Amino acid sequence: MTEAQATHRTGKRVLLAKPRGYCAGVDRAVQTVEEALKLYGAPIYVRKQIVHNKHVVQTLEAQGAIFVEENEEVPEGATVVFSAHGVAPEVHEQAKARSLKAIDATCPLVTKVHHEARRFAAEDYDILLIGHEGHEEVIGTAGEAPAHIQLVDGPDGADKITVRDPEKVVWLSQTTLSVDETLETVARLKQRLPLLQSPPSDDICYATSNRQHVVKEIAADCDVVIVVGSTNSSNSVRLVEVALDAGARAGHLVDFAHEIDDAWLEGATTVGLTSGASVPDDLVQEVLVHLAARGFADVEEITTANERLTFSLPQELRRDMKAAAARG
Ligand code: SF4
């Protein structure tokens with residue numbers, strides 16, 4: 001019997017989501033550290049995890065990156081890269097005070113939200129920032145205008161806020177939230193603040209919404225959805241929640257293929273597979289090999305969007321790369 005015939009008999013299959021994995025902001029941030037290592041040599045200090053993925057962090061560490069929590073841990077005059085999640089202005093000030101060479105790998109789509117926060121604060125709006133308390137991106141955005149920003153952590157958080165002028169309020173959001181839950185939060189806010197203004201353009205980024213959209217398409221057909229991603233990755237955690245909300249019988253987040261428990265696959269016919277925006281596709285391919293060894297060799301890729309967006313490397317790095325190239 002051929003493998004195809006065997007698959008047909010067992011009926012076991014994988015629905016592989018596309019788009020999945022690396023987004024433009026993560027790709028740029030990881031490349032920033034790699035290029036900085038090549039250009040300036042190791043060590044390169046990175047404030048916080050460059051992107052929220054265990055494997056990526058371990059790989060960069062092996063190449064000479066040193067991950068720190070705060071600028072104070074970076075030796076004076078050394079090079080530090082700020083992560084894709086963005087930083088508050090005071091972090092730039094601290095770096096200057098320590099004479100650090102700072103390279104800002106903040107995703108341009110996070111920077112866009114920072115600009116919105118500054119603009120609305122300058123116009124003296126109350127800003128309701130929908131996001132998860134303690135997440136680095138939220139800390140960075142809130143740091144742009146702490147006197148004007150209040151955090152709204154989910155729909156229930158909407159009932160707790162108070163504003164100075166209900167006619168001058170705008171909501172902004174973290175880029176990696178659940179699209180549906182955010183709409184629910186906004187609806188709750190609007191019950192109390194009918195004149196609440198919306199951001200000039202979507203703050204939840206294209207990568208987050210595209211990955212959620214395709215998971216919704218496949219979830220109802222899946223006995224189990226496996227999301228490759230780390231537990232501190234907001235968009236990866238959201239993918240599990242979205243899969244369950246959209247009808248998947250079970251959903252699990254794993255960093256690596258070996259974390260998949262065989263019990264999850266017992267009695268399953270269809271496994272959905274996707275990955276968060278900070279996950280290299282090698283890890284997904286390893287999961288496919290793992291699943292094939294358990295009879296799930298029939299893989300159908302379900303595509304709901306093709307992503308072509310790319311971002312250029314941070315200006316300060318490009319300038320030094322150009323100067324080094326000119327020196328030969
Ligand atoms: S998930 Fe979105 S906001 Fe975050 S790095 Fe990727 S593109 Fe940028």
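The values are calculated or read from the model by the stated rules, or taken from the named source; none is laboratory data. Please read all numbers here as calculations on a predicted model, not as lab measurements. Neighbour counts run over all protein chains shown; Cβ positions are idealised from the backbone, glycine included. For the accessible areas, the whole protein counts, side chains as well, though only heavy atoms, and no ligand, DNA or RNA atoms are used. Shrake-Rupley method; radii C 1.70, N 1.55, O 1.52, S 1.80 Å.
Structure notes:
- Just one residue in the set A243, A220, A248 is surrounded by fewer than 16 Cβ atoms within 10 Å (Cβ to Cβ) and out of contact with any Pro (no Cβ under 9 Å at 6 or more places or on another chain); that residue is A220.
- When we screen E76, E116, E34 for residues that are open to solvent by 60 Å² or more (accessible area, probe 1.4 Å) and either touching a Phe, Trp or Tyr at 6+ places or on another chain (Cβ under 9 Å) or in a helix (DSSP H, G or I) (or both), the only hit is E34.
- Filter result for A84 (part of a loop (DSSP other than H, G, I, E, B), farther than 18 Å from R318 by Cβ and either open to solvent by 10 Å² or more (accessible area, probe 1.4 Å) or touching a Cys at 6+ places or on another chain (Cβ under 7 Å) (or both)): no
- Hits in segment 159-194 - residues which are among the polar types (S, T, N, Q) and within 16 Å of the ligand (Cβ to nearest atom): S173, Q174, T175, T176, S178, T182
- Entirely in segment 184-282, the strands (runs of 3 or more DSSP E) that have 1 or more residues that are among the polar types (S, T, N, Q), touching a residue at least 24 places away in the same chain (Cβ under 8 Å) and in contact with a Lys or Arg (Cβ under 7 Å, 6 or more places away or on another chain): 270-275
- The residues of segment 190-208 that are more than 19 Å from A121 (Cα to Cα) and buried (at least 19 other Cβ atoms within 10 Å of the Cβ), listed by number, are I204, C205, A207, T208.
- Condition check for V51: part of a loop (DSSP other than H, G, I, E, B), under 22 Å from V237 (Cβ atoms) and open to solvent by less than 10 Å² (accessible area, probe 1.4 Å): yes
- Top-ranked residue of segment 283-306 - restricted to ones that are in a helix (DSSP H, G or I) and either within 16 Å of the ligand (Cβ to nearest atom) or of a type in the set (V, I, T) (or both), ranked as surrounded by the most Cβ atoms within 10 Å (Cβ to Cβ): V287
- In summary, D156 fulfils each of the numbered conditions (1) within 18 Å of S201 (Cα to Cα); (2) away from the ligand (no atom under 16 Å from the Cβ); (3) of a type outside the set (K, R) with the single exception of condition (1).
- Which listed residue, of V51, V87, is touching a Ser or Thr at 6+ places or on another chain (Cβ under 8 Å), outside the structural domain of A257 (by the TED database), within 16 Å of the ligand (Cβ to nearest atom) and more than 15 Å from T141 (Cα to Cα): V51
- Taking each residue of segment 12-41 that is free of Cβ contacts under 8 Å to residues at least 24 places away in the same chain and looking for partners that are open to solvent by 10 Å² or more (accessible area, probe 1.4 Å) with beta-carbon atoms closer than 8 Å, six or more apart or interchain, yields G41/G64.
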